[in-house]
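Here's the structure, in structure tokens; my notes come after.
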Amino acid sequence: MAWAMGEPGPSSGPPGMPGFYEEEEEIELTPAVQSLLETSRQLAEQIANKILSFREEYDGSREIRGILESLPRGRLGSENPLPGVAIDSTFPIDGGMDLVGGHLVAVVAGYVGFGGLRARGVRPYDVYARARFVDTEDAHRILPLYAKLVEKAVAHRVLGYVEQGLMDARIILFDGELIPYQLLFKSQKAVSKSRILAKLDDSVAQLLERAQRLGITLVGVVKRSYSRLLGARLGRRLSLNDKAIMSLLLGNGEYLVLGSFGELLPRYAEIIAAEKGVEPRKYQGIVEERLAARREYSRVIVAFYKPSVSHPNHQAVRVEVLDYGGLGLEKTLSMLNKLTNPATGLPYPIDVVDEYTRLESRMLELLRRKIVGHLASMLEAVGGSGALVLLGHTNPEKRYIYEPRRTQR
């Protein structure tokens with residue numbers, strides 16, 4: 001396996017696709033910006049050292065090359081996609097709006113059909129929104145888990161349509177991991193004690209059982225992946241993460257299979273524990289316990305592929321697969337290859353559902369104002385309008401993040 005870097009590809013997607021590149025905003029060179037830019041050389045040196053360290057590891061180790069060459073790999077075909085659905089959930093990147101009385105948080109999740117999906121009496125695409133007003137300190141920590149809970153609820157709805165014969169989906173793509181990682185690396189006791197983790201664990205397990213019964217293949221397309229599962233094969237950490245290594249080593253149209261969660265995660269847990277100064281066997285035992293409790297989690301296959309079509313970032317794509325439809329891993333990856341959006345290098349249904357469910361922070365300010373209006377009417381009769389202070393921003397200086405942008409005339 002040689003080092004492979006693709007050629008620059010086209011910068012726009014197929015006809016009819018939304019644009020994924022925007023014009024660069026002009027940035028004022030304030031002292032703060034200038035100070036930040038001065039760190040660029042130091043950061044470049046850090047990144048270069050990581051790349052050179054891995055190259056030394058790779059070139060100087062028969063073990064690394066031997067393991068990479070022993071893993072299942074091959075060439076991607078261009079398989080026409082079966083009818084399917086892409087699912088995503090999103091929430092404001094800053095975690096929600098901090099108000100005097102608590103946090104205003106919102107989650108949007110939805111699905112988009114592809115591959116000639118036929119829907120009878122139901123929509124081939126849909127979106128669902130959930131908003132909550134919470135006054136706990138751990139609201140920001142819980143929000144990503146709540147988003148996954150809403151996402152899995154959407155997936156259950158899609159499977160319900162399939163069960164009723166209202167949809168002919170054969171494959172479901174998720175924007176992100178199949179199994180939330182908090183369900184893999186926390187102890188059984190910790191999962192059981194947390195109401196939201198226990199609920200999410202049950203929802204995921206039921207989802208996998210239904211998909212298996214219906215023969216529907218599940219794929220998680222993990223865009224932001226910093227895992228180092230390859231280190232589990234070697235018993236030690238490498239200088240670069242898996243996605244970076246695969247982006248360097250795979251050529252266009254190639255794929256490589258790292259293995260199953262059952263094979264990789266317990267050994268990976270040992271490496272993480274050793275780095276954190278935790279007892280490796282104990283942490284490995286926690287992961288093994290979780291995989292024993294939810295055996296389907298251990299069957300998730302991790303693979304990387306680099307699309308045949310050139311794209312600007314030349315990145316490999318990480319996927320997690322549960323092939324309940326019996327399609328075969330190579331056929332599944334070849335379908336994803338066929339679905340590649342040349343602008344991003346990702347399957348285009350993932351890009352489309354990401355756009356469809358996008359939730360901007362400014363939407364929360366519109367929601368807050370609507371709540372203020374309703375609350376004022378409700379409290380007017382009892383003279384409690386002073387309570388509206390609870391919906392004021394705790395940090396007015398950052399209110400601009402949420403304010404609707406005014407267009408210039």
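If you take every residue apart from M246 with its C-beta less than 11 Å away from the C-beta of M246, what net charge results, scoring Lys and Arg +1 and Asp and Glu -1?
Computed value for this residue: +2.
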Item to check | the range 267-318 pair-distance distribution - Cα-Cα, 10 Å bins, rounded % | outcome: 22, 28, 26, 20, 4
Next on the checklist: Rounded to two decimals, what is the ratio between the C-alpha radius of gyration of the range 75-357 and 2.2 N^0.38 Å?
Outcome noted: 1.01
Checklist outcome for this item: Counting only protein heavy atoms with a 1.4 Å probe and every protein chain in place, the carbon and sulfur fraction of the accessible surface of the range 164-223 in whole percent equals 48
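Just list whichever of K306/K331; K148/K186; K186/K223; K148/K243; K186/K276; K306/K338 have alpha carbons separated by over 20 Å in the model shown.
Values: K306/K331 15 Å; K148/K186 16 Å; K186/K223 23 Å; K148/K243 23 Å; K186/K276 15 Å; K306/K338 12 Å.
Pairs exceeding the cut-off: K186/K223; K148/K243.
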Checklist entry - Hey, what's the Kirkwood Rh for the range 43-95 if you take every pair of different alpha carbons, in angstrom? => result 16.2
Checklist outcome for this item: Classified through the alpha carbon gyration tensor (a ≥ b ≥ c as square roots of its eigenvalues; rounded if a/c is under 1.5, else prolate when a/b is larger than b/c, else oblate), the range 216-273 comes out oblate
Item to check | At q = 0.12, 0.22 Å⁻¹, base-10 log of I(q)/I(0) for the range 156-286 (Debye sum, equal scatterers on each alpha carbon) | outcome: -0.62, -1.34
Item to check | Dipole of the range 75-357, positive direction: furthest Cα of A292, S78, Q164, with charges on the beta-carbon | outcome: A292
Checklist entry - In the range 299-340, what percent of the accessible surface is made up of carbon and sulfur (1.4 Å probe, ligands and nucleic acids excluded)? => result 44
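The values are calculated or read from the model by the stated rules, or taken from the named source; none is laboratory data. In this text the structure is predicted, and so the values were computed from the model without any measurement. In this analysis, Cβ positions are derived from the backbone assuming ideal geometry, glycine residues included, and neighbour counts consider all displayed protein chains. For the accessible areas, the whole protein counts, side chains as well, though only heavy atoms, and no ligand, DNA or RNA atoms are used. Shrake-Rupley method; radii C 1.70, N 1.55, O 1.52, S 1.80 Å.
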